[in-house]
Amino acid sequence: MKKTLGTGKRVAVWAGTLLLAVLTGCASVQTTQSGTVGVERKQFIAASVPAAELQQVANKQYAQLMSEAKAAGALDANSAQVQRVRTITNRLIAQVGVFRSDAQSWPWEVHVISSDQVNAWCMPGGKMAIYTGLINRINPSDDELAAVLGHEMAHALREHSREQISQQMAAQVGLSVLSAVTGVAAAGDLGAALTNVMFTLPNSRTHESEADLIGVELAARAGYDPRAAVTLWQKMAALSGGGAPPEFLSTHPSAATRSAELQRNAQKVMPLYEAARR
């Protein structure tokens, strides 16, 4: 007589199969070359989050955001700021091949948005924005501005957004499996907290550190003083005045850790800066 599984066991088998399918659809990869700064961490990337598809979504969202900024009169309002940002960005883009050759053909684009926010960002595939709040309130030198823009470009080069999405997918499936096996629905707040602790928070800090390091090297190779990353961060930290830090710094490592790491790696890439200045 054929033995059949009970309902609970069938659910457990199904849930385990689902989790296995998700995990086997992921790969541990290195999205960039390590560079002089030595970024060598293997990354967890899901095959179900194709880079090309993510870039298409990013491009669409970027076009919408820029359209809204333009309609509000907030897009590239100050021509001098726009020219300055694009000049620095173009010099940085010329260096991206050191970390990944395909990025040289990305449709890079940058705009300046009028906003009091002290922030900048780069979407997958190289679509960027920087807010006038960062430029006006921080008053960065060209070297410091290169540190900001290089940092944001590094997030795209390392595909941090794609990695985060992969991690979140795995976390959601894990909670679904737990719910299916135990029969207890995963609580929304608990699920968000668990995901944050296990995946998002630690990796967000890792992502920020990697972006700092790659950004420092991009800046140095482009002829911008890599030591400016330290003074930029000091200006950012001072702006908080003991309160909440600017959004740009919200998930960064601690002050002491970040400052020491930036100083150490700025020295490591100083020969690149000196060579670029010759």
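Summary of computed values
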item	result
Virtual spin-label span in nm between Lys42 and Asn136, 7 Å along Cα→Cβ	4.8
Exceeding the 27 Å Cα-Cα cut-off - candidates Lys70/Lys127; Lys235/Lys268; Lys42/Lys268; Lys42/Lys235	Lys42/Lys235
Environment charge of Arg100, counting only residues whose C-beta is closer than 11 Å and scoring Lys/Arg +1, Asp/Glu -1	-1
Under 5 Å, built H, 5+ apart or other chain: amide partners of Val110	Met128
Gln43 long-range amide H proximity, modeled H, under 5 Å	Val29, Gln30, Thr31
Karplus-derived 3J(HN,Hα), 6.51/-1.76/1.60, for each residue of the stretch 73-84, Hz, glycine and proline x	x, 10, 9, 6, 6, 10, 4, 5, 5, 4, 4, 4
Label-to-label distance, nm, for residues given as Ser105 and Gln234 (7 Å Cα→Cβ offset)	4.4
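Readers should treat all values here as calculations from the given coordinates under stated rules, not as data from a laboratory. Remember, it's a predicted structure, so these values are computed and weren't measured experimentally. Using ideal geometry, Cβ is built from the backbone for each residue, glycine included, and neighbour counts are taken over all protein chains shown.
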